Amino acid sequence: MKLGILTRPADRRVLDDDRHTRAMRWIMAVMLLLTVLAAALGLGMRGAAQSLDRQLAGRLTVQIVEADARVRETHAAAALARLRAMGEVASAKAVDRAALAELLRPWLGADGVDPDLPMPALIDVDLADASPAAIRRVDAAITRITPAAHVDRHQRWMSPVSRFMDTLVWLAVGLVVLMAGATAAVVILAARAGLEAHRETIEVLHMMGSTDIQVARLFQRRIALDTLAGGIVGTVVAAAIIALVGWRIAALGSDLLGGVALGAGDWIVLVALPFAFALLALGAARVAVLVALGKRL
Amino acid sequence: MANIVQFENVGLRYGTGPETLSDVSFTLEAGAFYFLTGTSGAGKTSLLRLLYLAQRPSRGIIRLFGEDAVTLPRRRLPGFRRRIGVVFQDFRLVSHLSAYDNIALPLRIAGVPEPDIDTPVREMLAWVGLSDRIEARPPTLSGGEQQRVAIARAVIGRPEILVADEPTGNVDPDMAERLLHLFDSLNRLGTTLVVATHDLHLISRISGAKMMRLDKGRLNDPTGALRFPPRRDET
C-alpha cells in the first residue's frame with residue numbers, strides 16, 4: 001500500500017465500489033458548478049474594476065466657467081498651454097463647442113447650438129502620472145490661471161460603481177470560501193460514512209497490521225478522484241454557462257459590461273478549481289479518517 | 001524454549017458488566033502448540049482478542065515478544081499485529097476480493113512489492129488445496145474452503161504466533177482433520193499456535209500439544225499440560 005493517489009490497483013480493490021459513495025461525484029459536480037460560477041463572477045468583476053480604474057484613473061476634465069466668452073477663451077487657451085507644458089500631463093485637448101452642444105442636446109435640444117448660449121470651456125486631460133500629488137499640482141496650476149477653473153477627476157464620478165464592483169468581488173471570494181468549506185464538510189461526512197460502511201474490512205486490515213495511514217490512503221484516493229471527476233463535470237457545465245453569458249454581454253456592446261470579460265489567466269484559475277478542490281478533499285478525507293481511526297484500538 | 005507471551009493476573013471487563021476474564025495468568029513458549037478449550041461463554045474468544053491485540057485488558061500485565069503490550073502506544077500496534085496471524089471464527093474474509101487477493105492482503109499491507117507476492121500466494125493456495133479456486137470470491141466458496149483461505153491468509157506473512165478461534169467449528173470432520181494437519185505442519189516450521197476449540201477429539205490428534213482450559217473466565221490449567229480424559233461437561 002502506497003502513498004496518496006498513486007496506489008497499486010490491488011490496493012484500490014480493497015474497498016469495494018459503493019453506489020452511495022458514487023453519489024458524491026454528483027454532489028461535487030454541483031458544488032464545483034456553483035463555485036466556478038462564483039469565481040467567474042469575482043474574476044470578471046475584478047477585471048472590470050481594473051479596466052475601469054485604468055480608463056478613469058489618469059483622466060481629468062478641466063472646466064472653466066466664465067460668462068464672458070472672450071475671457072473664457074483666453075483662460076481656456078492659457079490653461080491648455082499650461083497643461084501641455086506640464087510633465088504630469090500626457091495630452092490635453094480642448095473640447096470644441098460643437099462636441100459640447102452634442103453632449104447637451106438630450107437636455108437642451110436644438111437650442112444647445114445657439115452661439116449666444118454661454119457654455120463652460122472644457123479641456124480633456126490624459127495624465128502621464130495619475131498619482132494624487134500630480135493631480136494636486138495640475139489643479140493648482142489651473143486655478144492659478146483662473147479661480148473659475150474646476151478640475152474633475154473622472155475616477156470620482158465612477159467611484160460608487162467601482163465600490164459596488166469591489167463588493168461583488170469580495171462577495172464572490174466569500175462564496176468560493178464558503179463552497180470550499182461546504183466541500184470539506186461533505187468530504188468529512190462521506191469519509192465517516194465510508195468508514196462505517198467498510199467497518200468490517202477495516203477491522204480485518206487493522207488486525208493484519210495495517211496502519212491508520214494505509215487505511216486513510218484508500219479513502220482519500222477514492223474521495224479525491226470522485227471530487228475531481230465530479231468537479232470536472234461541474235466546471236465544464238459552468239464554463240459553458242460563462243461562455244454563453246460572455247457572448248450575450250458582447251452582443252450588448254456596453255463598454256462597462258465589456259470589461260467583465262474573463263482573461264486567459266482567469267480561465268486558468270477556473271480550470272484549476274476542480275484540482276484544488278480535489279486536493280482539499282484529499283486532505284479533508286485523510287484528516288477525517290485518521291481522527292476517526294484514532295478513537296479505535 | 002523462550003516465552004513469547006506472558007499473561008499475569010489479567011482481567012477483562014466490557015463496560016460496567018462483570019469480568020469476562022479474571023486473574024488469567026499463563027505463559028506461551030515459542031514454537032509450542034496450545035489448545036484453548038472451555039465451554040461456550042467461558043471467555044476463549046475474549047482471551048484470544050487480548051492475544052491478537054484487538055482488545056486491551058481492564059487490569060493485569062500482558063507481555064508479548066518481550067514487551068509490555070498493555071501500555072504499547074497505538075502507533076506500534078501494527079508492527080506487533082504483523083507478527084501475529086489470526087484465523088477468525090467467522091473467517092472475516094473480504095467478500096468482494098478473490099481468494100488470491102484475500103491471501104495476498106497481509107503481504108500488501110507489509111509493503112511487499114507486487115512481483116514478490118504472486119509466488120508465495122500461489123504456493124499458499126496449493127498448500128491449502130485451493131489452486132483451482134484462485135479467482136473465487138468468498139461467497140462462492142464452501143465453509144471449508146473459506147476456512148482454508150482464512151488460514152492461508154493468516155500464515156502467509158510467516159507470523160510468529162498463529163491464533164485460531166474455533167477453526168474447525170464450521171467444517172466437516174474430514175476437513176477438520178485436514179486443517180489440523182495444516183496447523184501441525186505450520187507448527188513444525190516454528191510458528192507458535194494457539195487454537196481455541198470445543199473439539200477435544202481434535203486435541204488428541206496433536207502429539208505434544210498443550211491444553212489450557214477456561215471456565216467462567218478463569219484459567220483452570222495454566223500449566224498448559226495436556227490432560228486427559230477431558231472433564232465430563234466438555235464432552
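The values are calculated or read from the model by the stated rules, or taken from the named source; none is laboratory data. These figures come from a predicted structure and were not determined experimentally. Quick reminder, even Gly has a Cβ in these numbers, built from the backbone with ideal geometry, and neighbours come from all protein chains shown.
Are any of the residues in segment A:245-256 buried (at least 20 other Cβ atoms within 10 Å of the Cβ), assigned to a helix (DSSP H, G or I) and not small (Gly, Ala, Ser)? No, because not a single residue in segment A:245-256 is buried (at least 20 other Cβ atoms within 10 Å of the Cβ), assigned to a helix (DSSP H, G or I) and not small (Gly, Ala, Ser).
Of the helices (runs of 4 or more DSSP H) lying entirely inside segment B:20-124, those containing at least 1 residues that are more than 25 Å from B:Gly217 (Cα to Cα) span B:77-81, B:99-109.
Within segment B:212-227, residues that are closer than 20 Å to B:Asn3 by Cα sit with their Cβ atoms under 9 Å from residues that are at pLDDT below 55 and not in a loop (DSSP other than H, G, I, E, B), at 6+ positions apart or across chains, in these pairs: B:Arg213/B:Glu234.
Right, B:Arg49: charged (D, E, K, R) and within 23 Å of A:Thr211 (Cβ to Cβ) or not? Against the criterion (charged (D, E, K, R) and within 23 Å of A:Thr211 (Cβ to Cβ)), B:Arg49 qualifies. Put simply, of A:Val177, A:Val161 the only residue that is surrounded by fewer than 14 Cβ atoms within 10 Å (Cβ to Cβ) and closer than 30 Å to A:Leu32 by Cα is A:Val177.
No other residue among A:Gly230, A:Gly265, A:Gly283 is closer than 29 Å to A:Val161 by Cβ and assigned by TED's automatic domain parsing to the domain that holds A:Val173 apart from A:Gly265.
Assessment of segment A:275-291 against the conditions (of a type in the set (A, V, I, L, M, F, W, C), within 14 Å of chain B (Cβ to nearest Cβ) and over 17 Å from the mean Cα position of the chain (by Cα)) yields at least one matching residue.
For the residues A:Gly263, A:Gly246, A:Gly253, A:Gly234, the requirement of being at pLDDT 90 or above and away from chain B (no Cβ under 14 Å) singles out A:Gly234. Here A:Leu218 meets the list (1) within 14 Å of another protein chain (Cβ to nearest Cβ); (2) over 23 Å from A:Ala278 (Cβ atoms) almost entirely, failing just condition (2).
Test A:Ala79 against the stated conditions and say whether it is at pLDDT 85 or above, more than 30 Å from A:Trp247 (Cα to Cα), in the same structural domain as A:Ala128 (by TED's automatic domain parsing) and surrounded by 15 or more Cβ atoms within 10 Å (Cβ to Cβ). Judged against the criteria, A:Ala79 is a match.
Out of A:Arg248, A:Arg296, one residue alone is basic (Lys, Arg) and touching a residue at least 12 places away in the same chain (Cβ under 8 Å). It is A:Arg296.
Report the residue count in segment B:131-166 for those that are within 13 Å of another protein chain (Cβ to nearest Cβ), in contact with a helix residue (DSSP H, G or I) (Cβ under 8 Å, 6 or more places away or on another chain) and without any contact (Cβ under 8 Å) to a residue 40 or more places away in the chain. Looking only at that region, the number is 1. Check whether at least one residue in segment B:39-52 is among the charged types (D, E, K, R) and surrounded by 23 or more Cβ atoms within 10 Å (Cβ to Cβ), and report yes or no. Scanning segment B:39-52 turns up at least one residue that is among the charged types (D, E, K, R) and surrounded by 23 or more Cβ atoms within 10 Å (Cβ to Cβ).
Look at (1) over 30 Å from A:Ala285 (Cα atoms); (2) surrounded by 13 or more Cβ atoms within 10 Å (Cβ to Cβ); (3) modelled with pLDDT of 85 or more and you find that A:Ala172 fails only one, number (1). Take segment A:234-275 and flag every residue that is under 26 Å from A:Asp11 (Cβ atoms) and of a type outside the set (Phe, Trp, Tyr). Answer for segment A:234-275, where residues must be under 26 Å from A:Asp11 (Cβ atoms) and of a type outside the set (Phe, Trp, Tyr): just A:Pro274. Checking each residue of segment B:181-192 against the condition of being buried (at least 21 other Cβ atoms within 10 Å of the Cβ) and at pLDDT below 85 gives no match.
Can you find a residue that is of a type in the set (Ser, Thr, Tyr) and assigned to a helix (DSSP H, G or I) anywhere in segment A:51-65? Checked segment A:51-65: at least one residue is of a type in the set (Ser, Thr, Tyr) and assigned to a helix (DSSP H, G or I). Against the definition (free of Cβ contacts under 8 Å to residues at least 12 places away in the same chain, among the β-branched types (Val, Ile, Thr), surrounded by 14 or more Cβ atoms within 10 Å (Cβ to Cβ) and farther than 19 Å from A:Arg72 by Cα), how does A:Val187 come out, yes or no? When the stated conditions are applied, A:Val187 does not pass them. The selection criterion, being out of contact with any helix residue (DSSP H, G or I) (no Cβ under 7 Å at 6 or more places or on another chain) and of a type in the set (A, V, I, L, M), does not hold for B:Leu125. Take the residues in segment B:82-94 that are in contact with a helix residue (DSSP H, G or I) (Cβ under 6 Å, 6 or more places away or on another chain), on the phi < 0 side of the Ramachandran plot and within 7 Å of chain A (Cβ to nearest Cβ), then tell me which one is surrounded by the fewest Cβ atoms within 10 Å (Cβ to Cβ). Among those residues, the one meeting the criterion is B:Val94.
Considering only residues in segment B:37-79 that are facing chain A (nearest Cβ under 8 Å) and of a type outside the set (D, E, K, R), the one that is nearest to B:Ala2 (Cα to Cα) turns out to be B:Tyr52. Here B:Val128 passes the criteria (1) away from every other protein chain (no Cβ under 13 Å); (2) free of Cβ contacts under 8 Å to residues at least 40 places away in the same chain; (3) buried (at least 18 other Cβ atoms within 10 Å of the Cβ) except the one numbered (2). Considering the conditions (1) in contact with a Phe, Trp or Tyr (Cβ under 6 Å, 6 or more places away or on another chain); (2) closer than 30 Å to B:Gln55 by Cα, A:Thr227 is excluded by exactly one of them, (2). Out of all the residues in segment A:104-119, is one or more over 30 Å from A:Arg22 (Cβ atoms) and in contact (Cβ under 8 Å) with a residue 24 or more places away in the chain? The answer is yes, given that some residue of segment A:104-119 is over 30 Å from A:Arg22 (Cβ atoms) and in contact (Cβ under 8 Å) with a residue 24 or more places away in the chain.
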